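Reviewing the structure listed below.
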Amino acid sequence: MNTPESGKTLSSRRVSRIIKGMPATDGAGVELTRVIGQPVLPMLDPFLLLDAFRSDKPEDYIAGFPLHPHRGFETVTYLLSGRMRHKDNAGHEGVIEPGGIQWMTAGKGIVHSEMPEQENGMLEGFQLWINLPASHKMDMAAYQEYPAEQIPLESREGGIEMRVITGVTSHGTKGPVVQPLTEPLYLDVRVPASQEFFEEITESHNAFFYVIHGSVGIENEDDNTVWLARDDLAVLTHGEVVKLRAGQEAARFLLVAGKPLREPVARGGPFVMNTKEEILQAFEDYRQGKF
Ligand code: MN
């Protein structure tokens, strides 16, 4: 295709699958929607899980996620509404607020709690799990945390706006989070009604978008435009550029991409390693208080 942005001919990413989330309960009884990490989409390498939560009913979220461990990957929490307090066994504590990101590299192990910092009102956001390569699964735990005001807002012609959490856009805006192991792109994009949106994405990265508001049109592999609604996830084919269009109302979506690791994945609850033996070791290390 020919993009007005670059004048070059770039290969297009199409939608290969449309995924609906499934209702799930996690933590101490939090009602959420599991989009990646469910039977129809167990993972999209390097993405292991995507949970979406949106509720103004305290009974859906108030129990939160009391103390639990992680090892071997990263948890990325992005809030749209509400507040979440996190606290870990290394003395790290803070509150994530709307528009804020917490990018936690669990590495060899962290024990933490993630609890709503509110007793009522709307809690809305996402948690994405991103895998780490075998050579870095046992690194020290680390955080990259940024409130909304430290996340750059890129504005384009036609009223398009996006928050750039990590990666570099085709217009050169760079997000604050850095992760060279998977080279992620994480954008929160708003496109006015009927406007087109183009973005270049590293050709071999796996990529998806998730519709937060409105509807988003994209071509499928048969050159037909298909429309995704709120809470639909689109898995994209490989290619250099994604071309989307907002429907009759303004659209908002997350656009996420990352470098596939192509390594064996062994899961055990909150641990994601390469082999079953490493999972058993993680449970044993946790039981012995080695986290
Ligand atoms: Mn957690």
Mind checking which pairs have a first residue in segment 119-135 that is within 21 Å of Asp56 (Cα to Cα) and a second that is aromatic (Phe, Trp, Tyr) and outside any strand (DSSP E or B), Cβ under 9 Å, 6 or more apart or different chains? Leu123/Tyr61
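Taking the residues in segment 1-16 that are charged (D, E, K, R) and open to solvent by 80 Å² or more (accessible area, probe 1.4 Å) as candidates, determine which candidate is modelled with the highest pLDDT.
First, the residues of segment 1-16 that are charged (D, E, K, R): 5, 8, 13-14.
Within this subset, residues satisfying the condition of being open to solvent by 80 Å² or more (accessible area, probe 1.4 Å) are 5, 8.
Details: Glu5: 55, Lys8: 64.
Filtering segment 1-16 for residues that are charged (D, E, K, R) and open to solvent by 80 Å² or more (accessible area, probe 1.4 Å), the one modelled with the highest pLDDT comes out as Lys8.
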Hey, any hits in segment 161-179 for a residue that's free of Cβ contacts under 8 Å to residues at least 60 places away in the same chain and within 13 Å of the chain's Cα centre (by Cα)? yes
Test set (1) closer than 27 Å to Glu203 by Cα; (2) in contact (Cβ under 8 Å) with a residue 60 or more places away in the chain; (3) part of a loop (DSSP other than H, G, I, E, B) - Phe291 fails condition number: (1)
Hey, among the residues in segment 258-285 that are away from the ligand (no atom under 16 Å from the Cβ), without any contact (Cβ under 8 Å) to a residue 60 or more places away in the chain and open to solvent by less than 20 Å² (accessible area, probe 1.4 Å), which one's farthest from Arg71 (Cα to Cα)? Ala266
The one condition Gly29 fails out of (1) in contact with a Lys or Arg (Cβ under 8 Å, 6 or more places away or on another chain); (2) modelled with pLDDT under 95; (3) under 23 Å from Val76 (Cβ atoms) is (1)
Could you count how many residues in segment 64-101 are at pLDDT 95 or above, more than 10 Å from the ligand (Cβ to nearest atom) and within 25 Å of Leu187 (Cα to Cα)? 19
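Could you count how many residues in segment 79-92 are open to solvent by 10 Å² or more (accessible area, probe 1.4 Å) and more than 11 Å from Tyr143 (Cβ to Cβ)? Show your work before the answer.
Filtering segment 79-92 down to residues open to solvent by 10 Å² or more (accessible area, probe 1.4 Å) leaves 80-85, 87-92.
Those left that are additionally more than 11 Å from Tyr143 (Cβ to Cβ): 80-85, 87, 89, 91.
Here the count works out to 9.
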Looking at segment 204-225, which of its residues are surrounded by fewer than 18 Cβ atoms within 10 Å (Cβ to Cβ) and either under 19 Å from the mean Cα position of the chain (by Cα) or within 30 Å of Leu123 (Cα to Cα) (or both)? Ser204, His213, Gly217
Would you be able to say whether some residue in segment 189-203 is open to solvent by less than 40 Å² (accessible area, probe 1.4 Å), in contact with a helix residue (DSSP H, G or I) (Cβ under 9 Å, 6 or more places away or on another chain) and among the β-branched types (Val, Ile, Thr)? yes
Considering only segment 105-139, how many residues are of a type in the set (Ser, Thr, Tyr) and more than 21 Å from Gly258 (Cβ to Cβ)? 1
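The values are calculated or read from the model by the stated rules, or taken from the named source; none is laboratory data. Nothing here was measured: the structure is a model prediction, and the numbers come from that model. All Cβ positions, glycine included, derive from the backbone under ideal geometry; neighbour counts span all protein chains shown. Areas reflect the complete protein model, heavy atoms only, side chains present, ligands, DNA and RNA absent. Shrake-Rupley method; radii C 1.70, N 1.55, O 1.52, S 1.80 Å.
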